[in-house]
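Everything below concerns the one structure shown next.
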Protein chains: 2
Amino acid sequence: MPAIRRRNPISDCPLTAALAAVGGKWKLIIIYWLADGRRHFAGLRQEMSSISAKVLTQQLNELLADDIVRRDETGPAPAPVYYALTDYGRSLLPLVETVRTWGRGHIERFEA
Amino acid sequence: MPAIRRRNPISDCPLTAALAAVGGKWKLIIIYWLADGRRHFAGLRQEMSSISAKVLTQQLNELLADDIVRRDETGPAPAPVYYALTDYGRSLLPLVETVRTWGRGHIERFEA
């Protein structure tokens, strides 16, 4: 199934453009779990226990449309389909790390 | 009006904790516009044309509750109230810059 190229709401504001592409509750977490290598759908859901299949499908489709993730089809159905970061998607890993570092400090601050 | 300390959904996952505190469509943009100094409510809304007063109030209250923003009251009503980044809020500015830099590249990539 080819990625549906959604109309990408590219704003001329860099922050708004970035948040449109990777904002929201799940996308950075999906990118985080794909950092070490490709995973199939069920493997991703295992790591993200509170995401529904419908929401994960929608988030993956948006990441596909923005060329951040790619689909690796390993053969005719029912062969598994894997999701992986594109090279462009890997450009987000420093951003993911920056957010994680701040988040770690935020947890420690509120536990102190 | 003292900031209502909302129960802060601090997850033990750094990414989830960070996204709970500064995720969503508006918070990083509010932090960006407060980086150069305090602003009153109307001044913030002027910079963020498509945000409603209700949503801006709610986002500011959450940022107040997480000690990212503070309220400067300049006198009894109707004296203006200003919003400013706390020192802790300023710890987010490198993250805002990282997201803006990626966003700028994302805009250029889709314009190319």
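Condition (residue is out of contact with any Gly (no Cβ under 8 Å at 6 or more places or on another chain), in contact (Cβ under 8 Å) with a residue 40 or more places away in the chain, charged (D, E, K, R) and on the phi < 0 side of the Ramachandran plot) applied to segment A:73-85: is it met by at least one residue? Steps first, answer last, please.
Filtering segment A:73-85 for residues out of contact with any Gly (no Cβ under 8 Å at 6 or more places or on another chain) gives A:73-83, A:85.
Okay, now just the ones that are also in contact (Cβ under 8 Å) with a residue 40 or more places away in the chain, so A:80-83, A:85.
Going one step further and asking which of them are charged (D, E, K, R), we end up with none.
Among the residues of segment A:73-85, not one is out of contact with any Gly (no Cβ under 8 Å at 6 or more places or on another chain), in contact (Cβ under 8 Å) with a residue 40 or more places away in the chain, charged (D, E, K, R) and on the phi < 0 side of the Ramachandran plot, which makes the answer no.
Restricting B:Thr101, B:Thr57 to residues that are polar (S, T, N, Q) and over 21 Å from A:Ala20 (Cα atoms) narrows the list to B:Thr57. Within the option set A:Leu19, A:Leu64, A:Leu15, A:Leu95, being of a type outside the set (Lys, Arg), buried (at least 17 other Cβ atoms within 10 Å of the Cβ), within 11 Å of chain B (Cβ to nearest Cβ) and touching a residue at least 40 places away in the same chain (Cβ under 8 Å) holds for one residue only, A:Leu95. Quick check on segment B:24-41: of everything there that is open to solvent by 60 Å² or more (accessible area, probe 1.4 Å) and part of a helix (DSSP H, G or I), which residue is nearest to the other protein chains (Cβ to nearest Cβ)? Taking the candidates together, the pick is B:Tyr32. Entry remark, segment A:69-112: residues being under 18 Å from A:Gly24 (Cβ atoms) and of a type in the set (Val, Ile, Thr) number 4 in total.
The values are calculated or read from the model by the stated rules, or taken from the named source; none is laboratory data. All figures in this text were calculated on a predicted structure; none of them were measured in a lab. Positions of Cβ are generated from backbone atoms using ideal geometry, with glycine treated the same way; all protein chains shown enter the neighbour counts. SASA here: full protein model, heavy atoms, side chains in, ligands and nucleic acids out. Shrake-Rupley method; radii C 1.70, N 1.55, O 1.52, S 1.80 Å.
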